[in-house]
Amino acid sequence: MKVYLETYGCQMNEYDSELVRSILTSHKHEFTPSLDHAEVVLLNTCAIREHAHEKIFYLLDHLKGRKRRQKGLVVGVLGCMAQSLRKEIIERAPHVDIVAGPDSYKRLPMLIEATRHHTEQAFDFSLSEFETYSDIAPQRVPGVNAWIAIMRGCDNFCTFCVVPYTRGRERSRELANIVLEAERVASEGFRQITLLGQNVNSYRNDEYDFADLMQAVSEVSGIARVRFTSPHPKDFPRKLLHAMAANPKLCKHIHLPLQAGSDGVLERMKRTYTRKEFLALVAEIRALMPEVSLTTDLICGFCGETDADFEQTLEVVREVGFDSAFTFKYSERKNTMASRQFPDDVPEEVKQERLLRLAELQKEITHERNVAELGKVYEVLVETPSKKDGNQWLGRTDHFKPVVFSGNVQAGDLVKVRIEAHGANTLMGAMVRDYRRTLRVYQEACCV
Ligand code: SAH
Ligand code: SF4
Ligand code: F3S
């Protein structure tokens, strides 16, 4: 059948969609980029905030009319929302044929088959303690970066977060199996690998930890850069910091989610670090890697957050000077500890105002940091033609900063670019001739 698959949420979901592609293709289904031509429509959903749900219910409503017109159309909801809101989906959208959680994708061909022949609904939301999809080769869209999930699930149970309920218990893949996947993506032409986990610090495979894994992946030939997301500030491995400082293939960028700056809020969130500990970690990271770029996630309006608490978040954000930040209003999630223990008592307009203040402050800091980049020369990994101007290219520095420039290059090239201007979130520059490289080519030519 012709399958249309749309993905919402985080990189882990993007990776899962690549697994789904692989699983369904090996069962003779084919994928179409056109919703209009699809015989099976699959939505791989996210449950992290309320907003994510509303979008899906809106789409499902739309698909109801389409199902009336197109006999036999199969509609499926996959992913985190399918796992956490299965009852609501079945009640609010009874026309949905398939509901399958993140650990049920190997059974998707069977679920599709069941709806075809028996015209009945097919559900599967069993969470597994073991499923890591290690035996599936994800079907990736060709490009420069390949995601590799190194573990699944999360055991941290931060009180605001739904992920431990949608993705179940934490389990790591075997190091050797991940390195095999890295070798495969390198042979397919990918130049960068981003290792994914909800808390990569707790990666374990026998005697190997996350720093060992990063090191092993960086040794795969053809791979120029290795990134990872996300570590948890509570147990950031010092061994990893030292490996990052010493190994040029390990990118000098850390996404370090702070969430909030007040100890009271951090405790209610069960983040298990204090403001002081977070700041000490930042100081340690910068002492080892002065050029590192730090990005973060911030939540405002969490249960019981006072004006004074929020001021402390602003203070920490100012003190650290993150290169960029994702900012969110707290959104109560069903089943989470916060929803059971604390009232969601910060009024919506206060949340909104705090969100604006946070975003405003971060904008100022990002601006200052962008100004400081002017004149510097960076090695840039070329990714795609720029969306705004097809004659220009978009690439990223080692620090994950997007850079737009023009030149006779192709995706996957590593080039030197001098930063000459900046926008709100993007740097602009000009390619620099690499004299050492030119000299080397010249010398080689002489020898011939
Ligand atoms: N595992 C990652 C987080 C994944 S969720 C980590 O621990 O870093 C990505 C971000 O969404 C979180 O860092 C948090 O800032 C935000 N988030 C999670 N639950 C939320 C909620 N209930 N309301 C608002 N933001 C939330
Ligand atoms: Fe959610 Fe916390 Fe796990 Fe991140 S570490 S996925 S925020 S429970
Ligand atoms: Fe990712 Fe959303 Fe699930 S952020 S882990 S897809 S809840």
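The values are calculated or read from the model by the stated rules, or taken from the named source; none is laboratory data. As the structure is a computational prediction, the values presented were derived from the model and not from experiment. Cβ sites come from the backbone with ideal geometry, for glycine too, and all protein chains shown count toward neighbours. The protein model used for the area step is the full one, side chains on, heavy atoms only, and it has no ligands, DNA or RNA in it. Shrake-Rupley method; radii C 1.70, N 1.55, O 1.52, S 1.80 Å.
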(message) When you check Ser26 against the structure, is it assigned by TED's automatic domain parsing to the domain that holds Ile90, modelled with pLDDT of 95 or more and surrounded by fewer than 16 Cβ atoms within 10 Å (Cβ to Cβ), yes or no?
(response) yes
(request) State all residues of the range 174-215 that are open to solvent by less than 30 Å² (accessible area, probe 1.4 Å), among the aromatic types (Phe, Trp, Tyr) and within 18 Å of Pro237 (Cα to Cα); if no residue qualifies, say none. (result) Tyr203, Phe210
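This table checks each residue for (1) surrounded by 21 or more Cβ atoms within 10 Å (Cβ to Cβ); (2) over 16 Å from Leu5 (Cα atoms); (3) touching a His at 6+ places or on another chain (Cβ under 9 Å).
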{"residue": "Phe31", "(1), (2), (3)": "no, no, no"}
{"residue": "Asn44", "(1), (2), (3)": "yes, no, no"}
{"residue": "Arg68", "(1), (2), (3)": "no, yes, yes"}
{"residue": "Lys71", "(1), (2), (3)": "no, yes, no"}
{"residue": "Gly79", "(1), (2), (3)": "yes, no, no"}
(request) Just give me the residues in the range 196-211 being assigned to a strand (DSSP E or B) and touching a residue at least 40 places away in the same chain (Cβ under 8 Å), in sequence order. (result) Leu196
(request) Filter the range 135-173 down to residues that are polar (S, T, N, Q) and within 18 Å of Ser202 (Cα to Cα) and give me whichever is surrounded by the most Cβ atoms within 10 Å (Cβ to Cβ). (result) Ser172
(message) Considering only residues that are assigned to a helix (DSSP H, G or I) and surrounded by fewer than 21 Cβ atoms within 10 Å (Cβ to Cβ), which ones fall in the range 225-236?
(response) Lys234, Asp235
(request) Taking Pro109 as meeting all but one of (1) closer than 30 Å to Asp206 by Cα; (2) touching a residue at least 40 places away in the same chain (Cβ under 8 Å); (3) more than 16 Å from ligand 1 (Cβ to nearest atom), write down the number of the exception. (result) (1)
(message) So in the range 237-287, with the set limited to residues that are of a type in the set (D, E, K, R) and not in a helix (DSSP H, G or I), which one is farthest from Leu196 (Cα to Cα)?
(response) Lys270
(message) Return the residues of the range 327-343 that are touching a residue at least 24 places away in the same chain (Cβ under 8 Å) and over 27 Å from the mean Cα position of the chain (by Cα); say none if nothing qualifies.
(response) Gln341, Phe342, Pro343
(request) Could you pull out the residue among Phe157, Phe190 that is within 14 Å of ligand 1 (Cβ to nearest atom) and touching a residue at least 24 places away in the same chain (Cβ under 8 Å)? (result) Phe157
(message) I need the full set of residues from the range 8-50 which are more than 16 Å from ligand 1 (Cβ to nearest atom) and part of a loop (DSSP other than H, G, I, E, B), in order please.
(response) Ser26, His27, Lys28, His29, Thr32, Pro33, Ser34, Leu35, Asp36, His37, Ala38, Glu39
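Okay, residues lined up against (1) farther than 22 Å from Ile285 by Cα; (2) assigned to a strand (DSSP E or B):
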position	(1), (2)
Arg169	yes, no
Leu180	yes, no
Arg184	yes, no
Thr194	no, yes
Leu213	no, no
Ile223	yes, no
(message) Name the residue that is farthest from Glu364 (Cα to Cα), counting only residues in the range 302-331 that are more than 16 Å from ligand 2 (Cβ to nearest atom) and not in a helix (DSSP H, G or I).
(response) Gly304
(request) Those residues that are within 28 Å of Gly197 (Cα to Cα), of a type outside the set (Asp, Glu) and either surrounded by fewer than 21 Cβ atoms within 10 Å (Cβ to Cβ) or touching a helix residue (DSSP H, G or I) at 6+ places or on another chain (Cβ under 7 Å) (or both), I need them from the range 1-14; list them, please. (result) Val3, Tyr4, Leu5, Thr7, Tyr8, Gly9, Cys10, Gln11, Asn13
(request) Read through the list (1) more than 16 Å from ligand 1 (Cβ to nearest atom); (2) under 19 Å from the mean Cα position of the chain (by Cα); (3) among the hydroxyl-bearing types (Ser, Thr, Tyr), then give the number of the only condition that Thr115 fails. (result) (2)
(request) Considering each of Met269, Met289 in turn, give the residue that is away from ligand 1 (no atom under 12 Å from the Cβ), among the aliphatic types (A, V, I, L, M) and open to solvent by less than 40 Å² (accessible area, probe 1.4 Å). (result) Met289
(request) Answer with yes or no whether Phe302 is at pLDDT 95 or above, of a type in the set (A, V, I, L, M, F, W, C) and farther than 22 Å from Ser230 by Cβ. (result) no
